[in-house]
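The values are calculated or read from the model by the stated rules, or taken from the named source; none is laboratory data. Values in this document were obtained by computation on a predicted structure and should not be read as measured data. Positions of Cβ are generated from backbone atoms using ideal geometry, with glycine treated the same way; all protein chains shown enter the neighbour counts. In case anyone asks, the SASA skips ligands and DNA or RNA and just uses the protein heavy atoms, side chains included. Shrake-Rupley method; radii C 1.70, N 1.55, O 1.52, S 1.80 Å.
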Amino acid sequence: SELRRAIGQVVCAVAPNESRPEISGVLFKFLPKSQGGNLILAATDSYRLAEGGVTLDAPATIDRKIIIPLRTLQELLRIASGLEDDLEAKIFLSEGQVRFDFGEEVSLTSRLIEGSFPAYEQIIPTKYKTRAVIDREELLRATKRAALFCAPGMSDVTVQLTPGKSETEGVVAVKSQNVQVGEAHAQLQAAVAGEEN
């Protein structure tokens, strides 16, 4: 279930075409025990970036990076959705291939994508001018409502962060406008620190 959750978090950001093969899949980065022993998953289409992680019961012995095609992971999600949540997944790597085993009954083998995944860690900011902590469901609902008023073909929802008098106060405004349909505007309470943004 952890692997299924992590894959589900990142597949939305995979590039849908194969003009750049290295981003038409998901990076699986196996960290050895000395570096935390986790599996990091990352995907990007050059505009969006998604990263997820899984704690491994048996960490890799060496640092290893592979790129798994999107279609393989979509099939893996389909298979895993019909399996028990506590079933153990085993991942086997060989030159140019990966195999996923779920118990004794299910096995999925795939070729890997050749090439180097972009060094995405360098574009994730380590410092910020503004930080907001907000209820995820509230923000999701407000964004979906605002998206209804976007111009066709444009997903231009504006998010404005306004700090309050203290770090636990503030407002997150979610807006969109379409001259033919109308506009949406929602103000959500949040803990906003830093500058207005």
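Short-range pairs are left out: with C-alpha atoms under 8 Å and at least six residues apart, the relative contact order of the stretch 1-102 is 27 percent.
In the neighborhood of Ala60, defined by Cβ-to-Cβ distances under 11 Å, what is the net charge if each Lys or Arg adds +1 and each Asp or Glu adds -1? Computed value for this residue: +3.
A 1.4 Å probe run over the protein chains yields, for the chain, 65 Å² of accessible area per residue, whole-number rounding.
For the chain, which whole-number percentage of the solvent-accessible area (1.4 Å probe, protein heavy atoms only) is attributable to carbon and sulfur atoms? Summing carbon and sulfur atoms, their accessible area is 49 percent of the total for the chain.
When each of the peptides 44-53, 67-76 is scored by the mean number of other C-beta atoms lying within 10 Å of its residues, the order from highest to lowest reads 67-76, 44-53. Coordinate range of the alpha-carbon atoms in the stretch 1-111 per principal axis, descending: 36, 34, 25 Å.
Each of (1) 17.7, 49; (2) 17.4, 58; (3) 20.3, 59 is a candidate for Rg and Dmax of the Cα atoms in Å; the one calculated from this structure is (3).
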